[in-house]
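Peer 1: A single structure is presented below for examination.
Rule-based calculations on the coordinates, nothing more; no lab input. No experiment lies behind these values; they were computed from the predicted model shown. Note: ideal-geometry Cβ built from the backbone for every residue, glycine included; neighbour counts use all protein chains shown.
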Amino acid sequence: DGLHDGALRVRLHAPPVDGKANDALLGWLSAELGLPRRAFTLLRGAASRRKTIAIAAPPAVVAAWLRQVLGDATAAGRAPGERR
């Protein structure tokens, strides 16, 4: 999938209960970008599938990661975050 309606699609296995999916998403982003968990703030969408997240990192770092993830996902025919 990659981008879907202008948003990055990420698939997680955490249940959307008691903020577990949100925590899993922010933890995944932290691991993927190699940034501390505190660098990510959920701004909007705590109870929604569509999230807005602030990332405290240089834009070039995030842009490079997005290019890598979207390129890797597109080449493999899967959504970003989906592991096979």
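Peer 1: About the Cα centre of the stretch 3-76, what is the dipole size in debye to 20, counting +1 per Lys and Arg Cβ and -1 per Asp and Glu Cβ, all else neutral?
Peer 2: It comes to approximately 160 debye.
Peer 1: Based on the mean of other Cβ atoms within 10 Å per residue, sort peptides 24-35, 4-15 so the most packed one is first.
Peer 2: In descending order of packing, they fall as 24-35, 4-15.
Peer 1: Could you pull the Rg and Dmax for the stretch 3-76, using just the Cα atoms, both in Å?
Peer 2: For the stretch 3-76, the Cα-based Rg and Dmax read 12.4, 35 Å.
Peer 1: If the chain between A7 and A24 were fully stretched, how many nm would it gain, using 0.36 nm times the residue separation less the Cα-Cα distance?
Peer 2: Contour length minus the Cα-Cα distance gives 4.3 nm.
Peer 1: Any chance you could run the full-extension gain for A63 through R50? It's 0.36 nm times the residue separation minus the Cα-Cα distance, nm to one decimal.
Peer 2: In short, 2.7 nm is gained.
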